[in-house]
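Here the structure is laid out as structure tokens; the discussion comes afterwards.
The values are calculated or read from the model by the stated rules, or taken from the named source; none is laboratory data. Keep in mind it's a predicted model, so treat the numbers as computed, not measured. Positions of Cβ are generated from backbone atoms using ideal geometry, with glycine treated the same way; all protein chains shown enter the neighbour counts. Ligands, DNA and RNA are stripped out before the accessible areas are found, and what is left, the full protein with its side chains, is counted by its heavy atoms. Shrake-Rupley method; radii C 1.70, N 1.55, O 1.52, S 1.80 Å.
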Amino acid sequence: MNSDYNRRYKNPGGLNLVSIFFLLVLVAGVYVAVKFVPVWYQGKKVDRELDELKLQALDFPKYGDDVRRKKTDEIIAQAVARIHNLGVEDEPEQPVQVWFSPDFGELHARYQVIVRHPGDVIKPTVMTMDRAVEVPR
């Protein structure tokens, strides 16, 4: 009896439902990683660009309204250009938007990423990305 038990469990039996399930989980994990990790990484690069640009807003409390408005427009134009340079495209429903909070305490960016799936079997995944960095006081 003991030798029959050892012989059955020492040699794997081939494909079964559990191994097929784990294979499908592995394939799904690789697919998700290939499709969505680049979107996540692109978001981190957008955050880095916003972090660099927020430093230009440190002196906003010292400026008058006209100078602050001009400087704000310059920073926003730079941010939109840098985000486009990272490969983010304007989508019809959501073009790239950049703005400061009313108290100039945060710099925000909003854009949309569309992840297309092979064969158009599945509807494309539309992700609206909202990024924000705090402007130090």
Self-check item: Contacts under 6 angstrom Cβ, first residue in segment 105-130 being over 17 Å from LYS35 (Cβ atoms), partner open to solvent by 50 Å² or more (accessible area, probe 1.4 Å) and of a type outside the set (D, E, K, R), 6 or more apart
Solution: GLU106/ALA132; HIS108/TRP99; HIS108/ALA132; ARG110/GLN97
Quiz item: Is it true that LYS62 is basic (Lys, Arg) and over 26 Å from ALA28 (Cα atoms)?
Solution: yes
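Does HIS84 meet the test of being closer than 15 Å to GLU49 by Cβ and not β-branched (Val, Ile, Thr)?
So HIS84 passes the test.
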Self-check item: Members of segment 49-80 that are out of contact with any helix residue (DSSP H, G or I) (no Cβ under 7 Å at 6 or more places or on another chain) and touching a residue at least 40 places away in the same chain (Cβ under 8 Å)
Solution: ASP51, LYS54, LEU58, PRO61
